[in-house]
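To start, the structure under review is shown below, and the notes come after it.
What follows is calculated from the coordinates using simple rules that are stated; it is not laboratory data. Please read these numbers as outputs of a predicted model, since none were measured by experiment. Cβ coordinates were reconstructed from backbone atoms using ideal geometry, including for glycine residues, and neighbour counts include every protein chain displayed.
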């Protein structure tokens, strides 16, 4: 572990999103960082302050010019997304996958050719472990990753991490840090779990009560910041203390639920796309069925740091941010009618 010196130039991808923009602002205010360059295909909605914004697509080789012109030595890759919502704007699944996978490939190719780059931080996800009935009770960073099925965000993260491992072998002089973050709650991130928890009526998988781990957005920002300004090469699980089960989460939020047989969850997911932005795809259905829990001892030992908010506190802070007032009869009736219409049309 070594601290960075003065004159650090950090490039942050995904600054149109709230996590990327806030990370960039915090780094720009850090005395150990000389300049922060924020990159995204869309301009951020808020003021980035001292951050230099460059409108660029990391899927385009032009990103190599940005690294060279700005003399970047540290890259914080935060644009790998679990959601079709970026910077408050909705895009399709194909565009998200291209941005995640093709974008990472182009960014890594640019970093490989940039002699001045010395550090790379990737915000990944515990989704890389997947969710299945054969999972261990707790995943560690040394758990062999399964080959993800389908084409959801879990597969994106697994592919991205694979490319990063290959890059690390080709450029062993670059300190690479991979942060596998649990589901982050912050109210404005637009992640699948945030969208799910804000539904009027929440579908659950009949007969299952999955384990969940959460991460407060402030703790996510803190660990990313620490990974950028101090070398911590390696892969780390990042999650708040405490494991909750889905039924606990929904009770604490005062949510109404409808238990759906697993065979019909996909159909319900398609119905939900008519009433919300949530994409209840195969990855998320597996998560709602089996959940995921990870060990975070490596993070605590290497970073000498513990997330400030436990899982239950994270949930409370999320509830305060988004509000969860009484569910009105009209809202419940609207969702029920929408679901009933779709299920009936498919013979359920």
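The table that follows gives values for the structure above.
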| item | result |
| --- | --- |
| Packing-based order for 12-18, 217-223, using average beta carbon neighbours within 10 Å, highest first | 12-18, 217-223 |
| DSSP bridge pairs, region 165-292: antiparallel proportion in percent, nearest 5 | 10 percent |
| Scattering curve values for region 133-262, log₁₀ I(q)/I(0), Debye with Cα scatterers, q = 0.10, 0.14, 0.22 Å⁻¹ | -0.42, -0.81, -1.57 |
| Extension gain, residue 305 back to residue 109 (0.36 nm per residue minus Cα-Cα distance, nm) | 67.3 nm |
| Rounded if a/c under 1.5, otherwise prolate or oblate - region 200-243, Cα gyration tensor axes | prolate |
| Sorted peptide list for 245-251, 195-201, criterion being average Cβ within 10 angstrom, highest first | 195-201, 245-251 |
| Potential lengthening between residue 206 and residue 259 on full extension [0.36 nm per residue; Cα-Cα distance subtracted] | 18.6 nm |
| Computed FRET value (nearest 0.05) for residue 32 with residue 173, which takes r as the C-beta separation and R₀ as 30 Å | 0.90 |
| Residues 214, 48 arranged by fewest to most Cβ contacts within 10 Å | 48, 214 |
